1. Using only the heavy atoms of the protein chains and a 1.4 Å probe, how would VAL3, VAL158, VAL11 rank by accessible area, largest first?
2. Counting only C-alpha contacts under 8 Å and six or more residues apart, can you give the relative contact order of the stretch 1-119 as a whole percent?
3. Could you list, bin by bin from short to long, the percent of Cα-Cα pairs of the stretch 105-164 in 5 Å steps?
4. Which of LEU66, LEU112, LEU12 moves most in a GNM of the chain, Cα contacts under 10 Å?
5. In nm, to one decimal, how far is the LEU146 label point from the VAL169 one, both placed 7 Å along Cα→Cβ?
6. Indicate the gyration tensor shape class of the stretch 8-57 (rounded, prolate or oblate), computed on the Cα atoms with a ≥ b ≥ c the square roots of the eigenvalues: a/c under 1.5 is rounded; otherwise a/b larger than b/c is prolate and the rest oblate.
7. Note down the net charge around TYR47, summing +1 for each Lys or Arg and -1 for each Asp or Glu among other residues with Cβ under 15 Å from its Cβ.
8. Among residues other than GLY128 whose Cβ falls under 11 Å from its Cβ, what is the net charge (Lys/Arg +1, Asp/Glu -1)?
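The values are calculated or read from the model by the stated rules, or taken from the named source; none is laboratory data. None of the values given here were measured: they were computed from a predicted structure. Cβ: placed from backbone, ideal geometry, glycine included. Neighbour counts: every protein chain shown. Ligands, DNA and RNA are excluded from the accessible area calculation, which covers all protein heavy atoms including side chains. Shrake-Rupley method; radii C 1.70, N 1.55, O 1.52, S 1.80 Å.
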Amino acid sequence: LYVIGRDAKIVLIDLWMEKPTAVAEIKVGLEARSVETSKFKGYDDKYAIAGSYWPPQYVIMDGDTLKPRKVVSTRGMTVDGEYHPEPRVASIVASFIKPEWVVNIKETGQILLVDYSDIENLKTTTIGSAKFLHDGGWDASKRYFLVAANASNKIAAVDTKTGKLAALVDV
């Protein structure tokens, strides 16, 4: 079981022990919201990823030890073409279709598809959507990820099979 507190501390708990016990922990920043593991067949929990509010970054770790493998900054341009120095990682989910995570960068409106099949040569697809991304979830097929851009009054739907924005819906 992977748990994360708002203080950006991740704890890996072994539920198979006689008494569930914390077996690894790491602090990935000062403030955070989301932790996820790799879910694609053959990569089951091989990697973990956590995004933080501060510093603006996500961290990829070994799933069984939480040893950091990559730290990636989320600083960059918004969908409106302005530079944002502190865009927070809002939410992260793992795809079941490909070995990748969907990482939502709150203030920029960028949705990142992070391919974890080769951690040493990380490939990321950036999809522009709407600013102020927040939480979301999968449709019933687990192909489309829908994420709310709450302050923009929109929902972005990402087709994780094609790696493209399927729709940006006014709400």
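1. If we order VAL3, VAL158, VAL11 from most to least accessible, we get VAL3, VAL11, VAL158.
2. Working: 317 pairs, mean separation 21.8, N = 119.
For the stretch 1-119, the relative contact order is 18 percent.
3. Here the calculated profile for the stretch 105-164 is 4, 19, 26, 23, 17, 8, 2, 0.
4. So, out of LEU66, LEU112, LEU12, the one fluctuating most is LEU12.
5. For LEU146 paired with VAL169, the spin-label model returns 0.4 nm.
6. It is oblate, given that a/c is not under 1.5 and a/b is not larger than b/c.
7. Charge balance in the 15 Å sphere: -1.
8. Numbers: positive: LYS131, LYS164; negative: ASP80.
With Lys, Arg at +1 and Asp, Glu at -1, the neighbours total +1.
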